[in-house]
Amino acid sequence: MGYAQTIGISVDHRRRNKSVESLQLNAQRLKEYKSKLILFPLNSKKPRKGDSTAEELSKAVQLAGAVMPVKPVVKRARAMEVTDDLKKFQAFQTIRQARAFQRLHGIRAKKAADAEADELSKKK
């Protein structure tokens with residue numbers, strides 16, 4: 001992170017990689033950017049390790065516009081026949097029901113545990 005900021009790559013400290021694929025994709029994108037980057041030395045008489053050579057510096061030109069645009073991957077859904085199951089499926093109701101089950105899960109588990117405890121106490 002420290003090195004990236006010194007060469008002009010902005011870093012968001014809050015960002016977290018949610019998947020290995022996105023991490024690898026970002027790492028690959030940054031490596032490609034770094035390979036195309038021409039790093040001018042702060043002191044031309046004493047270039048540091050990682051700075052570009054004099055030959056690369058002479059070839060440098062200023063780029064305008066999008067340097068490395070991120071191309072979105074568009075995944076199209078395959079065409080398929082609409083079946084009776086698809087026609088009968090109620091998406092909104094299914095989502096609401098799933099939310100309700102998730103919300104009431106703890107309460108129902110507690111009720112079940114209390115009922116089981118009552119049964120055990122009645123048997124004694």
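The values are calculated or read from the model by the stated rules, or taken from the named source; none is laboratory data. Model, not experiment: these values are computed from the prediction. Quick reminder, even Gly has a Cβ in these numbers, built from the backbone with ideal geometry, and neighbours come from all protein chains shown. Side chains are part of the model used for accessible areas, which takes the heavy atoms of the whole protein and leaves out ligands, DNA and RNA. Shrake-Rupley method; radii C 1.70, N 1.55, O 1.52, S 1.80 Å.
Observations, loosely collected:
Residue-wise test of (1) closer than 24 Å to residue 10 by Cα; (2) among the small types (Gly, Ala, Ser).
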position	(1), (2)
31	yes, no
35	yes, yes
43	yes, no
63	yes, no
71	yes, no
74	no, no
78	no, no
81	no, no
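- Taken over region 1-48, residues that are in a loop (DSSP other than H, G, I, E, B), of a type in the set (Phe, Trp, Tyr) and within 21 Å of residue 72 (Cα to Cα) amount to 0.
- Any hit, region 35-43, residues being open to solvent by 80 Å² or more (accessible area, probe 1.4 Å) and within 28 Å of the chain's Cα centre (by Cα): yes
- Number of the condition not met by residue 32 [criteria: (1) free of Cβ contacts under 8 Å to residues at least 24 places away in the same chain; (2) surrounded by 10 or more Cβ atoms within 10 Å (Cβ to Cβ); (3) not hydrophobic (A, V, I, L, M, F, W, C)]: (1)
- Qualifying residues in region 1-29 (those that are open to solvent by 80 Å² or more (accessible area, probe 1.4 Å) and among the aliphatic types (A, V, I, L, M)) - the one modelled with the highest pLDDT: 20
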